[in-house]
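Right, one structure below, let's go through it.
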Amino acid sequence: MPGITFTDQGMGEAKVHVEVHQIAGSSGGGPDMTSTPTEKGARKANARKFYIMDPDPRVRSVGGFEIENLRLLLDGRRVLGPPPSQRGFANSPEPPRLLIDRALGRAPLDLEQYHQYWLVSDRMKNILAGC
């Protein structure tokens, strides 16, 4: 599948290129993820599609942001991420405080990987929600 490129006109050079690959068997050949209608006239849900997203290897500069309370969120771990064998966010005493500053580096992308999480701009969230 072709990649999608978004350009942030307001922030200058900020770009994101997302390579989107459909997982084999996610439509048609895989398990049926549709629901069975329970009432007469109920609509059948569409089969869900799953995609893999990877960071753009062409972006080599450091993003101009940092998590101010990273040391507190790490809680003795080396990488910010979910607890082992779990998904989501670990329980933490406070939410992350993201500081964006051009003095730290380039403008953040619409989709930026940070440790084991993806930082997603509102604009990218709206695009992905519309797919």
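Computed from the coordinates by the stated procedures, all read-outs in this text should not be read as laboratory data. It should be emphasised that the depicted structure is a prediction, and the values quoted were computed from it without experimental measurement. We place every Cβ from the backbone using ideal geometry, glycine too, and count neighbours over all the protein chains shown.
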Between residue 86 and residue 68, what is the label-point separation in nm under the 7 Å Cα-to-beta-carbon projection?
2.6
Please work out how much length the chain gains when fully extended from residue 47 to residue 123, using 0.36 nm per residue of separation minus the C-alpha to C-alpha distance, in nm with one decimal.
24.8 nm
What is the local net charge at residue 97, summed over the other residues whose Cβ is closer than 13 Å to its Cβ (Lys, Arg +1; Asp, Glu -1)?
-3
Evaluate the distance, in nm, between pseudo-label points positioned 7 Å from the Cα of residue 61 and of residue 115 along their respective Cα→Cβ axes.
2.6
Amide H contacts of residue 119 (H built 1.01 Å from N, under 5 Å, at least 5 apart or other chain):
112, 113, 114
Collect residues whose amide H, placed 1.01 Å from N in the peptide plane, falls under 5 Å from the amide H of residue 106; neighbours closer than 5 in sequence don't count.
62, 64
